[in-house]
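Before any comments, here is the structure.
The values are calculated or read from the model by the stated rules, or taken from the named source; none is laboratory data. Note that this is a predicted model, so its numbers are computed, not measured. FYI the Cβ positions are ideal-geometry reconstructions off the backbone, even for glycines, and counts take in every protein chain you see.
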Amino acid sequence: MVFILETEQPLRIGIQKSGRLTEKTIRLLEDIGLKFDDYKSSLMVKCRNLNIELLLIRDDDIPEYVQDGVCDLGFVGANVTAERNANVSVIKDLEFGYCRLSLASPKNGAIKTAEDFQGKRIATSYPNLTKNFFSGKGIDVRIVEISGAVEIAPTLNVADAICDLVSTGSTLKANGLVELEPIFYSQTQLIRTNQPISAEKQELIERLLLRINGRQLAEKSRYIMLNAPASAVEEIKNILPSAKSPTILPLADPEMVAIHSVVPINQFWDIMERLKQVGASDMVILPIQSLIQ
Ligand code: PRT
Ligand code: ZN
């Protein structure tokens, strides 16, 4: 049982109540050790083991809440923060919720490049980012602001083209549109208020960041265990990434050793093949929960 002294205001974190970011944000918070009860039925959830409370709100409200200090931290897409031009600090790219804000136009229409948008009507839920993009190029467009189902606007003749978020591109395709040019790349970010906060809250933010870094590093790494002839240890040490000194353990057979190490996922198969070539056997590969350096 953990008791929290309530002398200090809790660190308040704004997260999306229900949408594309919710599940991954909740999983991240649970993975870094926050314990809280059912978040689906409340707007505010207190953590049981840290002096933190979660505010469950629409993603559009998160940048302003963090800007105004209503929340100390927020998990939100870079697209939303940029569109709202919020005065906040981005403290971590969270490596999920990847998408891009792109220009798209009807498949067989006349609009093929950004320059073809001159004088055209463009439907979007991102009027500021869209306006800034075109004014930066000296192109005049008429923005038609729509809050959802932007892709249908050309079919309804409400607009000539659109500017909307794309991830796989299948929604554009289903609506007879082609992607022309990305104007903004986005992912989920951890944002922090620029309002003054207490030393206790700052310390808690640093602890959370350390845990998030550990989890991100773990996701990009694998733990490997293998057996090898003792005579191959030097060669194996050269194959394993140089930053880490592997653990080498004796086995019952004095001519063999067990080697444990952490390898980056992007070099993983290459390393495995090379280890096999120099005599490694019985390789076991494990995911890592967290990796603190
Ligand atoms: O209710 P609330 O206001 O909180 O949610 P919302 O409906 O405004 O947002 P939501 O849950 O749809 O998206 C939240 C965030 O997810 C966005 O702000 C982005 O940062 C991120 N994200 C990542 C996306 C997408 N990918 C995405 N593909 N947001 C929306 N889409 C939509 C897009 O608008 C289009 O309709 O998905 C469609 C395109 O997807 P593809 O895969 O067909 O290209
Ligand atoms: Zn929204």
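Here are some notes:
- GLN293 meets the stated requirement of being exposed (fewer than 14 other Cβ atoms within 10 Å of the Cβ), touching a Leu at 6+ places or on another chain (Cβ under 9 Å) and closer than 30 Å to VAL90 by Cα.
- Leading residue by the ranking (nearest to ligand 2 (Cβ to nearest atom)) among those in the stretch 15-47 that are crowded, with 19+ Cβ neighbours inside 10 Å and among the hydrophobic types (A, V, I, L, M, F, W, C): LEU21
- Test for LEU56: is it away from ligand 2 (no atom under 16 Å from the Cβ), of a type in the set (A, V, I, L, M, F, W, C) and not assigned by TED's automatic domain parsing to the domain that holds ALA153: no
- Scanning the stretch 115-165 for residues that are surrounded by 13 or more Cβ atoms within 10 Å (Cβ to Cβ), away from ligand 2 (no atom under 16 Å from the Cβ) and of a type in the set (Val, Ile, Thr) yields ILE122, THR130, ILE139, VAL141, ILE143, VAL144, ILE152, VAL158, ILE162.
- Candidates VAL76, VAL88: the one that is of a type in the set (A, V, I, L, M) and within 30 Å of PRO154 (Cα to Cα) is VAL76.
- Subset of the stretch 128-141 [within 15 Å of ligand 1 (Cβ to nearest atom) and either out of contact with any helix residue (DSSP H, G or I) (no Cβ under 8 Å at 6 or more places or on another chain) or not assigned by TED's automatic domain parsing to the domain that holds GLU179 (or both)]: THR130
- Every residue from the stretch 236-268 that is outside any loop (DSSP other than H, G, I, E, B), of a type outside the set (A, V, I, L, M) and surrounded by 10 or more Cβ atoms within 10 Å (Cβ to Cβ): LYS237, ASN238, THR247, PRO250, HIS260, SER261, PRO264, GLN267, PHE268
- Residue in the stretch 242-265 that is touching a His at 6+ places or on another chain (Cβ under 7 Å), at pLDDT below 95, more than 24 Å from PHE75 (Cβ to Cβ) and not β-branched (Val, Ile, Thr) present: yes
- Selection count, the stretch 69-101, where residues are within 16 Å of ligand 1 (Cβ to nearest atom), buried (at least 21 other Cβ atoms within 10 Å of the Cβ) and either of a type in the set (Asp, Glu) or assigned to a strand (DSSP E or B) (or both): 7
- Condition broken by PRO63, with the remaining ones in (1) at pLDDT below 95; (2) within 16 Å of ligand 1 (Cβ to nearest atom) satisfied: (1)
- The stretch 173-220, residues that are in a loop (DSSP other than H, G, I, E, B) and more than 22 Å from THR81 (Cα to Cα): ASN175, GLY176, SER198, LYS220
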